[in-house]
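A quick write-up on the structure given underneath.
Please treat every number below as a calculation from the coordinates, not as lab data. What you see is a predicted model; the values in this text were computed from it and never measured. For neighbour counting, all protein chains shown are included, and Cβ atoms are generated from backbone atoms with ideal geometry for every residue, glycine included.
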Amino acid sequence: MTQLTHINAAGEAHMVDVSAKAETVREARAEAFVEMQAATLAMIIDGSHHKGDVFATARIAGIQAAKRTWELIPLCHPLMLSKVEVQLEAQPEHNRVRIETCCRLTGKTGVEMEALTAASVAALTIYDMCKAVQKDMIIGPVRLLAKSGGKSGDFKVDL
């Protein structure tokens, strides 16, 4: 069985020492969804929302969140990300927005948490911008889609 990496032999939380690890190209992709009423989604799509461009704001929030993950999630390392991408797609047939993020770097630790944080904060930003119109939006699921690089190998979710 795989051991928890952030727990030491005494059962205490600690930050993993990555100093001896080799630098490799690492990438992670994540997704999140925000379900809403058709009328709320229509306001986002046609740009009539009174707070402005919901997608542009959510995209910037997601990028900023990825860059600050180490400040939000205990025991995450500060990373020099070389790429953060946040794509937002209105899915009117499902009354939802799909968010897909991608983070990349050449480094000693993975970027899964950065991709997940970017997707989560982009979803929260959509909620924040639209809550005056609809308070019962649903955020989720949020999940890791894929990761590559590093000792643990590659991962890709079965779609």
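Here Lys67 is the anchor, and the aspartates and glutamates within straight C-alpha reach of less than 13 Å, apart from those fewer than 8 places off in the same chain, are Glu85, Glu112, Glu114.
Ordered by packing density, taken as the mean number of other Cβ atoms within 10 Å over each peptide's residues, highest first, how do 97-108, 49-60 rank? Working shown, then result.
On the way: 97-108: 22.0, 49-60: 16.2.
In decreasing order of mean packing, 97-108, 49-60 become 97-108, 49-60.
Within the chain, no whole DSSP H helix has Cα atoms reaching 30 Å or more along its own axis together with a mean Kyte-Doolittle score of at least 1.6.
Adding -39500 (n - 2.57) for every DSSP H run of four residues or longer, then dividing by how many residues the chain holds, sets the calculated 222 nm ellipticity at -9000 deg cm²/dmol. Principal axis analysis of the Cα atoms in region 1-130 yields extents of 53, 29, 24 Å, listed in decreasing size. Mind checking which aspartates and glutamates have their Cα closer than 17 Å to the Cα of Lys108? Skip sequence neighbours fewer than 8 apart in that chain. Of all the aspartates and glutamates, those that pass the test against Lys108 - Cα under 17 Å, at least 8 places apart if same chain - are Asp17, Glu23, Glu27, Asp154.
Considering only Ser152, Val121, Gln91, the residue lying farthest towards the positive end of the dipole of the chain is Ser152, judged by Cα position with unit charges set on Cβ. Rounded to the nearest 20, the Cβ-based charge dipole of the chain about its Cα centre (Lys and Arg +1, Asp and Glu -1) stands at 260 debye. Computed from backbone phi, the HN-Hα couplings of region 144-156 come to 7, 8, 6, 8, 9, x, x, 5, 6, x, 8, 9, 9 Hz, rounded to whole numbers (Karplus: 6.51 cos²θ - 1.76 cosθ + 1.60, θ = phi - 60°; Gly and Pro given as x).
Short-range pairs are left out: with C-alpha atoms under 8 Å and at least six residues apart, the relative contact order of the chain is 36 percent. For Lys135, the lysines whose Cα falls under 16 Å of its own Cα, not counting residues fewer than eight places away in the same chain, are Lys51. Put simply, when 26-32, 82-88 are sorted by average Cβ atoms within 10 angstrom per residue, most first, you get 26-32, 82-88.
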